[in-house]
Amino acid sequence: MCGIVAYTGNRDAYPVILKGLKRLEYRGYDSAGVALVNHGLKTFKKRGKVGALEESLLGKDLQAVAGIGHTRWATHGEPSDRNAHPHRSSNGKLAMVHNGIIENYSLLKQDLLKKGYAFESDTDTEVLLKFIEDIHVSHEVSLEEAVRIALKRVVGAYVIVLLNEDDPETLIAARKGSPLVIGIGKGEHFLASDASPIIEYTKEVVYINDYEVAIVRPDELILKNLGNERVTPHITQLDMELAAIEKGGFDHFMLKEIFDQPQSIFDCLRGRLDANMGSIRMGGVDKHLDQLVNAKRILIIACGTSWHAGLVAEYVFEELCRIPVEVEYASEFRYRNPVINEGDVIIAISQSGETADTLVAIERAKENKAFIFGVVNVVGSSISRQSHAGAYTHAGPEIGVASTKAFTAQLVVLNMIALKIAYTKRTIDQHRYLHLINELNEIPDKVALILQDTDHIKILADKYKDARDFLYLGRGYNFPIALEGALKLKEISYIHAEGYPAAEMKHGPIALVEESLPVVFVATKDMYHDKILSNAQEIKARKGKVIAVISEGDSQFQEVADDVMMVPLSDELVAPLLSVIPLQLLAYFIGVSKGLDVDKPRNLAKSVTVE
Ligand code: M6R
């Protein structure tokens, strides 16, 4: 949530920052701004996307030795020019960008108001900056020391980067609870909320930890804790190519990422699942296999699409491993007083690895001595570092706000973990184990087959794009896919959609059924097939429109449905990996046909780093 880019070094700062902001725009896009320092400090801010800022700056002298930039997802104060970052100190010498929420900003603001400070925006960021300024000026301490003193009194989450007119080449940054990466170049440093603005300049990066302050100059990076002790920067190499964060000829990142799936699923399986040997090797799982196999209960915590992956995993783990599983929204878990017993294993699922609710839920679980296993996409992210063990999903960077390839990779990882546990526990026999390994191994090719012809889904999108509501129904392993299909449609097309277990329909939602209501059945061949077919007939009897995701050759369902989207036949346990693909495409094409910005849907942000 909110993207930050900063630069100090021998290049002109503005082009580096602008390009970086465009890469980070998926994190928030209601306003953007930059502060640049050369002979004096200048700030430029604009409501709207980064493009609007860029346009407003055409023809201006923007030469700078250092600068900071921000693309915002509003928390305190409506999206507007004045609430956009960077904010300026009262004396005009400091500029600051911030990602996160300062929870005690109101108390701090009251104190500052009493001291005569005035505020130009409604943001918590301006309060924090003026709090730092007050300490810096009235206590006559260095800016670095003022930052440390201020942050000890701050409650909340933050990444901040400060630019100082009096020390133009020095950036001061700090973090707690939100991500910050520093790229190390020759005579230059890049700071950003994730590695995407940095990757084309350097692969050497340092991930800043909570409660660390970085003093960054072109030739120097000093890390300290809030107690003013030096911390040794841990340099890691980025394992990412520039092409992975570009659209590669597709109109949108979302479409590219849907089409990435044969490869991303393959990458997720690669080196782990060996169909010839009939084996699964996963470093993080193998090392902690005893803990997982002997788990008395598995608690899955996640948000959004990752939570849907958790729901699928609940069905898979209970079926294969005979371990009780509970799936919970991280945002609920963190504020409850959940019962966590010895022998419980927590699986935290997250694409970004930075979701604030999931991170705090992990902290709560750790306080209760739980063992945390992370299923995370972004390497080096906070959740991956907070987990005791884990498995990366290796889906590659996901830029589109609507999660697609990260979801299928999560399902693959969770399936492999379940198979590994089940086989070790002997809760499945070798025949079923080998059969499911083969089924998983065939998924990349089957997904590629679905993607070979998407024109009919485009036609369906045109046919149904003006519907006011959609209902998505599924049973068993496909119930969470109904939820996921509905979420995708809501996010991308702003059409109201609800997902339900198909049998639950009779207990309420059936009242919504009328001629104009499209009902999407996720009905690939499985043990519930006859039951869900009856549910479809119940919809038809009430004149609803039935659209169905079915397995190839399912003539029975074809007879009932108005429209179908077919996927290759597979074992019901891995079917969600296929049935979700047409639903991603349907949402995408409806969003596009309505002329919406599918990569940056309104009000959303890619990683939700505030609660
Ligand atoms: O990065 P995470 O997987 O932790 O994110 C969780 C949700 O915010 C995310 O899945 C969100 O629901 C997506 N926009 C769904 O498309």
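Assuming R0 = 41 Å, can you tell me the calculated FRET efficiency for the pair Thr427 and Arg602, based on Cβ-Cβ distance, to the nearest 0.05?
On the way: r = 46 Å, r/R0 = 1.12.
Here the calculated transfer efficiency is 0.35.
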Completion exercise
With label points set 7 Å from each Cα along the Cα-to-Cβ direction at Ile235 and Gln558, the distance between them in nm comes to 6.1
Practice task
Would you please give the FRET efficiency between His39 and Gln263, computed as 1/(1 + (r/R0)^6) with r the Cβ-Cβ distance and R0 = 45 Å, to the nearest 0.05?
Solution key: 0.35
Fill in the blank from the handout: Rounded to two decimals, the Rg over Rh value of region 130-259 from Cα coordinates and the Kirkwood Rh reads 1.06
Handout entry: Integer Hz, Karplus 6.51/-1.76/1.60 couplings in order for region 372-385, x for Gly and Pro
Key = 10, 10, x, 10, 10, 8, 7, 5, x, 6, 4, 5, 5, 7
Problem - Extension gain (nm, one decimal) between Ala448 and Ser593, 0.36 nm per residue minus Cα-Cα - result: 49.8 nm
Practice task
For a footprinting-style exposure proxy, rank Asp445, Asp344 by other Cβ within 10 Å, fewest first.
Solution key: Asp445, Asp344
Problem - All lysines inside 26 Å of Lys152 as judged from Cα atoms, apart from same-chain residues fewer than 8 positions distant - result: Lys93, Lys109, Lys114, Lys115, Lys130, Lys176, Lys224, Lys366
Handout entry: Karplus-derived HN-Hα couplings along region 242-258 (A = 6.51, B = -1.76, C = 1.60, θ = phi - 60°), whole Hz, x at Gly and Pro
Key = 4, 4, 5, 10, 10, 7, x, x, 7, 5, 9, 4, 4, 5, 4, 6, 5
Exercise for the section: Calculate, in nm to one decimal, what Asp219 and Val379 gain on full extension: separation in residues at 0.36 nm each, minus their alpha carbon distance. Expected result: 54.9 nm
Handout entry: FRET efficiency estimate (nearest 0.05) - Cβ-Cβ, Glu200 to Glu318, R0 51 angstrom
Key = 0.65
Problem - Residue-averaged [θ]222 nm for the chain, counting only DSSP H segments that reach four residues, each worth -39500 (n - 2.57) - result: -11500 deg cm²/dmol
Handout entry: Karplus-derived HN-Hα couplings along region 343-353 (A = 6.51, B = -1.76, C = 1.60, θ = phi - 60°), whole Hz, x at Gly and Pro
Key = x, 7, 10, 9, 9, 9, 10, 7, 5, 6, x
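Take every Cα pair under 8 Å in region 3-243 that's 6+ residues apart, average their separations, divide by the length, and report that relative contact order as a whole percent.
On the way: 595 pairs, mean separation 47.4, N = 241.
Once divided by the residue count of region 3-243, the mean separation gives 20 percent.
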Completion exercise
For His456, placing the label point 7 angstrom along Cα-to-beta-carbon and taking region 539-570, residues whose amide nitrogen sits under 17 Å are 546-570
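When only DSSP loop residues count, what GluC sites (Glu not before Pro) in region 308-368 have their Cβ near at most 14 other Cβ atoms within 10 Å?
Values: sites: Glu314, Glu318, Glu319, Glu326, Glu328, Glu332, Glu342, Glu354, Glu363, Glu367; in loops: Glu342, Glu354.
Listed in order of number, the matching sites are Glu342.
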Practice task
Order by neighbour count: Leu577, Leu311, fewest other Cβ atoms within 10 Å first, most last.
Solution key: Leu311, Leu577
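Please state the relative contact order of the chain as a whole percent: Cα pairs under 8 Å, 6+ residues apart?
That works out to 12 percent.
Going by how many other beta carbons lie within 10 Å of each one, how would you line up Asp122, Asp599, fewest first?
Working: Asp122 15, Asp599 23.
The order, fewest Cβ neighbours first, is Asp122, Asp599.
Taking only C-alpha pairs under 8 Å that are 6+ residues apart, what is the relative contact order of region 247-447 in percent? Don't jump to the answer; show the numbers that get you there.
On the way: 354 pairs, mean separation 57.6, N = 201.
Rounded, it is 29 percent for region 247-447.
Compute the signed sum of charges (Lys and Arg +1, Asp and Glu -1) over the other residues within less than 14 Å, Cβ to Cβ, of Leu483. Before the final figure, lay out each step's value.
On the way: positive: Arg475, Lys488, Lys490; negative: Glu314, Glu484, Glu491, Glu498, Glu504.
Net of charged neighbours comes to -2.
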Practice task
Can you grab the distance from the C-alpha centre of region 531-555 to the C-alpha centre of region 85-104, Å, no decimals?
Solution key: 55
Problem - Candidates per trypsin sites (Lys or Arg not before Pro) in region 407-453, loop by DSSP, up to 10 other Cβ within 10 Å - result: Arg426
Exercise for the section: Determine which lysines satisfy two conditions relative to Lys506: a Cα distance under 17 Å, and not lying fewer than 8 residues away in the same chain. Expected result: Lys531, Lys540, Lys543, Lys545
Handout entry: Counting DSSP beta bridges with both ends in the chain, the antiparallel % (nearest 5)
Key = 60
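Contour minus end-to-end for Asn294 and Glu514, with contour as 0.36 nm per residue of separation and end-to-end as the Cα-Cα distance? Intermediate results must be reported in sequence, preceding the final value.
Details: separation 220, 0.36 × 220 = 79.20 nm, distance 4.97 nm.
Answer, rounded to one decimal: 74.2 nm.
Read-outs throughout are calculated quantities, based only on the coordinates presented, and are distinct from any laboratory measurement. Just so it is clear, the structure is predicted and the values come from calculations on it, not from any experiment. No Cβ is skipped: glycine too gets one built from the backbone with ideal geometry, and neighbour counts run over all protein chains shown.
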